[in-house]
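Working notes for the structure below.
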Ligand code: NDP
């Protein structure tokens with residue numbers, strides 16, 4: 001069997017066209033969706049992510065604000081800026097790029113963002129809402145994965161879903177979404193005994209670890225849908241996922257590539273959440 005690709009670039013283009021229409025509709029009512037991004041420190045990968053997010057906003061007819069701080073910034077300055085952005089009615093989404101420098105309490109920073117503007121969906125209130133099945137903002141990466149599954153009509157009800165990785169930003173919210181969609185969900189992590197035992201049972205396998213090509217074809221069930229969230233830089237400078245693409249392709253039914261898979265979808269869903277926030281704010285304004 002040779003797996004079919006779920007092309008994240010193509011799906012993103014399609015979704016971003018619809019988002020641009022929603023942004024234009026808001027603009028005609030005098031509301032320009034605006035995302036504020038805060039970057040502290042000089043992590044090269046973070047700088048690239050922030051640049052991509054800001055560029056994507058502009059292409060979709062949205063505004064973006066970018067605040068950058070040196071690695072040794074006093075956290076009080078960042079908290080003060082977040083408070084300002086929370087109070088600014090023209091700003092609809094606020095995102096703090098992680099990881100933050102060591103003097104920060106990252107959780108406290110995420111909690112300082114107004115839940116109505118927390119387009120990453122990391123605020124405890126929004127995590128709780130997701131857990132209860134009434135999400136306000138769905139974290140962008142798992143949201144993008146769900147859109148990819150939907151685009152290929154992957155059966156979720158009753159499916160065995162195995163997620164490798166249990167982070168707050170990918171693994172856990174991914175589990176909640178698949179559970180809500182009717183999957184039987186297993187979450188694996190670094191303490192899991194016999195990882196392959198679990199992954200071989202998966203109809204849907206989501207890899208979110210950050211280890212180059214760790215999931216090989218012999219760990220995958222024939223015909224499975226394989227979603228590779230991982231982004232790893234190899235010794236030759238090229239990017240690869242957590243899945244060994246060549247051997248996985250021989251057994252999987254559907255597979256996402258790296259690059260060009262989940263990555264572009266993550267940014268697309270960030271735009272979607274920001275437009276959603278702007279539409280909610282505009283709706284509130286119309287009612288008052
Ligand atoms: P974290 O480092 O926060 O989490 C990694 C998870 O993998 C942990 O739960 C860890 O387990 C688990 N793990 C580590 N080693 C093993 C192992 N040998 N077997 C099984 N599980 C293991 O990473 P993130 O969730 O933030 O990101 C994961 C990957 O996804 C990274 O490559 C990251 O770059 C990428 N990413 C991609 C995005 C995109 O847009 N495509 C967006 C976000 C992330 P434990 O909890 O026990 O330590």
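I need a count of the residues in region 193-216 that are closer than 20 Å to residue 159 by Cβ and not in a strand (DSSP E or B).
Residues of region 193-216 that are closer than 20 Å to residue 159 by Cβ, as a first pass: 195-208, 215.
Those still in the list that are not in a strand (DSSP E or B) too: 195-203, 208.
Adding up the residues that qualify gives 10.
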TODO: Could you grab me the full set of residues in region 149-174 that are in a helix (DSSP H, G or I) and within 11 Å of the ligand (Cβ to nearest atom)?
DONE: 171, 172, 173, 174
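So, in region 91-135, of the ones that are within 15 Å of the chain's Cα centre (by Cα) and part of a helix (DSSP H, G or I), which residue ends up surrounded by the most Cβ atoms within 10 Å (Cβ to Cβ)? Break it down into steps so the answer makes sense when it comes.
Initially, region 91-135 is screened for residues within 15 Å of the chain's Cα centre (by Cα), giving 93-99, 118-123, 126-127, 130, 135.
So of that shortlist, the ones also part of a helix (DSSP H, G or I) come out as 126-127, 130.
Values: 126: 23, 127: 21, 130: 21.
Checking each candidate, the answer is 126.
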- [ ] Could you tell me which of the residues 283, 260, 223 is out of contact with any helix residue (DSSP H, G or I) (no Cβ under 7 Å at 6 or more places or on another chain) and not in a helix (DSSP H, G or I)?
- [x] 223
Task: Members of region 148-166 found to be crowded, with 16+ Cβ neighbours inside 10 Å and touching a residue at least 24 places away in the same chain (Cβ under 8 Å), listed by number - done: 148, 149, 151, 154, 156, 159, 160, 161, 162, 163, 164, 165
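Can residue 230 be described as modelled with pLDDT of 95 or more, near the ligand (Cβ under 10 Å from one of its atoms) and farther than 16 Å from residue 139 by Cβ?
yes
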- [ ] Go through region 176-192 and give me each residue that's within 12 Å of the ligand (Cβ to nearest atom) and part of a loop (DSSP other than H, G, I, E, B).
- [x] 189, 190, 191, 192
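The values are calculated or read from the model by the stated rules, or taken from the named source; none is laboratory data. Computed from a predicted model, the values in this text were never measured in an experiment. Positions of Cβ are generated from backbone atoms using ideal geometry, with glycine treated the same way; all protein chains shown enter the neighbour counts.
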